[in-house]
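Note sheet for the following structure.
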Amino acid sequence: MNSYHDPELEDVLQDDELRRIASMLSSARAPEAPLDEAYRTGLRRQLMNEAWAMTEGRQSWWRRAFAPPGLAWAGAAAGLVLIMSVVIYTSLQPGAGVQQIVVQSPVDGDRSVALAQPILVKFNQPMDHPSTEAAVQIMPATNVTFGWNQNTLAVQPAGGTLAPNTQYHVTIGPGAKTATGKPLSSPQTITFVTTAPPTPSVTPTPRPTPSTALGEKQLAGLAGAHGLVSQWSSDSSSIYYVDGHGALNVIPAKDGGVTVIAPDGASSPAVSPTGDRLAYLRNGKVEILTFASGKTDELSVTPTPTLVDWGKDRIVWAAADGVYTQADDGSSHQLAPLPTTGTVAVVSFSPDGSHASYSQDQNLFVLDLASGKSTQLGQAGATFLGWSPSGSALIYATSDNDVVANLQGVTQSTLPAGEATWSTQDAILIGGDTDILQTRPDGTNLGRISGGTFHFPTWAPNGTTFAFVRGGSLWVATAPPLPPEPTVLDEASVVVDTFMKARLAGTADQASALLDANGKAAYAGGGLSLLISGDPSFSRYYILSSEVTGVDPDTARFVVRLVLSHGKTDVSDQEEALTLVRDATSKQFAIDQATAGAHRDLGKGAEVVSVDIQNDTVKVTFDSDLDPTTVTDGVTILDAKGKRLDANASYANRIVMLTGLNLKDGDSYRLVVLTTIRDVSGQNVDAEYDLDFFGPTAKRHGNHQDSVTLTPTPAPSPSPSPASPSPTS
Amino acid sequence: MSDPSRDDERELVERAKRDPRQFGTLYDRHFQQIYRFVYSRVREQTAAEDVTSEVFMKALKAMPRYQDTGRPFAAWLYQIAVNAIADRYRSLKTAQPLDDFHDLSVAGPALEDVAAHRDEMRRIWALVEALPLQQRTALVLKFQEDMKIEDIAVAMGKSPGAVKLLIHRGVTRLREEADTLRPMAE
């Protein structure tokens, strides 16, 4: 056996036998003491409450809490089915009998408490307000104000709302007294969990009833025009249109009279991309009106134009044998030839001037002006309706439906039949004799927005107003906005929620179904488990951060917090970073990567409960009100080399905003919360918190039509209306 | 030469003296060892929780009066714990049997006869439990908690010499039982 050597004890352990005994004593390790983590965190909370009371010079209640109990607990109050209640019996005075004080809160035990509400604490008898307010302790540390309504105390967070994703413990200490001066003899704690922070929700916009007017307003008669040949001004204030006499007129959409630009023989009005000029055809020539000067220039171009428009910065026009533009020297330059057989007519140019649509007898084609290649759209009898704002997709009509197609003629979606127009906001209006519908290009959010006649609807560039024909006159109306399009994050978060709920429910097979092969491997390895068992137990989860990190395929990254609880008390959490990728075939998201992140004990200072990442701003939400002086240097972002990024830090209502950032798409960054961050109760963050993330992808996504970019043009340029000849006439 | 961890602890203690709300960090640092020590003495989880709560509550309340004597902060917490345990023994009068305690794991090289040795150590700790309270406390703090004599002295409110004497008497008394402690194989 090893002999025991301890310099401190050399003079007292002088023989081998004593040293042998000392060696035996020191070589024995005591078994780990059984420890209830809830006790440990609960004691910490009590200590912090007491420390806070000491600091505030308030009456100490802990002595009573640790005094021999003169109280007992009873269950929830009978008759309050939805209200969790806690009953405290307190012996008020020796020999004076037992009086019952009941403390209730409608949120006690609730695990999805909305953020914007006070914490209501109801007493069954009148209370002394100052002592009761002084006895209120809140974890996490929160600045509050108080209000009373009879026997109900409203504890209102000073910041206006509760922190998201947070378990609150609101304790009424025994310092609380009744109006008659009798104290509550034991602290009572109300516990609840708040919901996630609000996000822009994709909720359906209530549709107006068919009888609801859209602000329809009659502007001017069309003098027997067949169809509508029109063009909105780039600022959506006026409409240029050709009436039945061939006059080109302009009329304000709101108030004002008709101004005649050309009295007869006009067609094909087209506002330039910069909005400063208007081109149109008259008597076989191109005329260009410059708005600023009011001067009209006449271009004699050959061959004779049948349709004119703007391609980027110069005129393009269609003639019988091809599509032309004007060369630098003023001469005509053919961009692409048209077929030489049958009856051929160009019906529209795309907004970017790169394509044209033409009819050849009964067939409809799209012509790539750069390559000269034509692609047929649909079957015989198809008629052209309009372009997407960017010109990367179009709509044509068949005898049964409207069809959204890409420039290769591939059908993207099928819509109800009617006269269609595609807005800068990616809303499509479909008009007709009896009503008007609105839909997304993929056919979602389809709804009837009004009854009545709405022929040839034509969106203004603002995506709100549209022109149409009713009863031989030109009208304008305003369409209700469509609900926001579901984002990549919306779709991916549904998968994350389903995945986490299956794990909470212990249904591993359902959770596993949301993993692809990589994802399954991640959970099959040693680091992660689909099912989490034991005590503390997996009780809830929330999404800490989410961001789009890639397109083609759409990729999103989520950091999820799994909260572990002992009894009702949240004691720790652990993070998982999930990467979801949209499957090319099914279009559904699957979890492709998963990595384990930080594991933290709760109740040790302010905790980050939400991180919102934008390219220029990162918003970090804490569960506690912070000491503002500790914020500026306490929350930072490092780049991949560990260099701190320049950012402006501001703080209000538990939220630290880092602005002035320039996060690069796909680059690695780390959010660092240092232990210098201190909450209003004076407690520092226990350990540094790091969150690794990527610069978000700024590109906007078309969720449903991968090959069609549904991106609105940043500065809407006027697109030709469904051009003459009228598609349905 | 200054000890960085001691400097760090001094800073934490000074902050907690000025502002009791800083006490949480000290609690986090020392909870485990104090709880383990208390549990080793009272051997019952609920009792250990009661005593540990009392220790930290008393420590928090006494923080403003805490004087840094150059000894670790933990020594002061042990002192409160020793007193709290003594109070509890005084009130309960009786100690609980040790039969299921010190089901020991053994540090160090493998022994020829582990079972016999474990049995021997179980018996020696049983004998420790039969020692007078102060000898017992001194042996536990020295041999289980690995504390320095001077720190034990702070914890027990005695001089280092007195602590050594307690240890000497305790170990000597155990030697008197040496025959019963010798492994059967010898």
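Each reported figure results from applying straightforward, stated rules to the coordinates on display, with no laboratory input. Computed from a predicted model, the values in this text were never measured in an experiment. Glycine also receives a Cβ, built like all others from the backbone with ideal geometry; neighbour counts cover every protein chain displayed.
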Let a ≥ b ≥ c be the square roots of the eigenvalues of the Cα gyration tensor of segment A:102-148; is it rounded (a/c under 1.5), or, if not, prolate (a/b larger than b/c) or oblate? oblate
On average over all directions, what projected area in square nanometres does chain A have, based on the convex hull of its Cα atoms? 47.9
Regarding segment A:468-527, what's the average projected area of the Cα-atom convex hull, expressed in nm²? 7.7
For segment B:20-28, just list the computed ³J(HN,Hα) in residue order, Karplus coefficients 6.51, -1.76 and 1.60, θ = phi - 60°, integers in Hz, with x standing in for Gly and Pro. x, 5, 7, 5, x, 5, 5, 4, 4
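Most exposed first by the Cβ proxy, i.e. fewest other Cβ within 10 Å, how do A:MET139, B:MET57 rank?
In increasing order of surrounding Cβ atoms, one gets B:MET57, A:MET139.
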Averaged over peptide B:12-25, how many Cβ atoms belonging to another chain are found within 10 Å of each residue's Cβ? 5
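What number, in percent, do you get for the relative contact order of chain A if the mean sequence gap of Cα pairs under 8 Å and at least 6 apart is divided by its residue count?
On the way: 1715 pairs, mean separation 73.3, N = 729.
After rounding, I find 10 percent.
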Prolate/oblate/rounded call for segment A:488-694, Cα gyration tensor, a/c under 1.5 rounded: oblate
Over 19 Å between C-alpha atoms is what I'm after, so list which of A:LYS217/A:LYS254; A:LYS501/A:LYS587; A:LYS587/A:LYS619; A:LYS177/B:LYS17; A:LYS177/A:LYS568; A:LYS182/B:LYS58 land there. A:LYS501/A:LYS587; A:LYS587/A:LYS619; A:LYS177/B:LYS17; A:LYS177/A:LYS568; A:LYS182/B:LYS58
Run a plain Debye calculation on segment A:247-357 (Cα atoms as equal point scatterers, no solvent) and give log10 I(q)/I(0) at q = 0.09, 0.12, 0.18, 0.21 Å⁻¹, rounded to two decimals, same order as the q list. -0.24, -0.42, -0.91, -1.18
Residues of type aspartates and glutamates that A:LYS641 reaches as a straight line, Cα spacing below 17 Å, ignoring anything fewer than 8 places off in the same chain: A:ASP665, A:ASP667, A:ASP690, A:ASP692
Could you name the aspartates and glutamates whose alpha carbon sits less than 12 Å from that of A:LYS295, not counting residues in the same chain fewer than 8 places away? A:ASP276, A:GLU287
Residue exposure sequence - B:SER5, A:SER537 - by fewest surrounding Cβ within 10 Å: B:SER5, A:SER537
Using θ = phi - 60° and Karplus 6.51 cos²θ - 1.76 cosθ + 1.60, couplings along segment A:316-330 (whole Hz; Gly, Pro as x): 10, 9, 9, 10, 5, 10, x, 10, 10, 9, 9, 6, 4, 8, x
Sort segment A:217-478 into rounded, prolate or oblate with this rule: let a ≥ b ≥ c be the square roots of the eigenvalues of the Cα gyration tensor; rounded if a/c is under 1.5, and if a/c is not under 1.5, prolate when a/b is larger than b/c, oblate otherwise. oblate
Part-to-part distance (alpha-carbon centres) for segment A:449-501 and segment B:1-79, which is given in Å: 65
For segment B:1-88, divide the Cα radius of gyration by the Kirkwood radius and give the resulting Rg/Rh value with two decimals. 0.98
Using a cut-off of 10 Å between beta-carbons, work out the net charge of the residues near A:ASN684 (Lys and Arg +1, Asp and Glu -1, A:ASN684 not included). +1
Order of B:LYS17, A:LYS177 - criterion: other Cβ atoms within 10 Å of each residue's Cβ, fewest first: B:LYS17, A:LYS177
Please work out the C-alpha center-to-center distance from segment A:507-528 to segment A:270-306 and express it in whole Å. 64
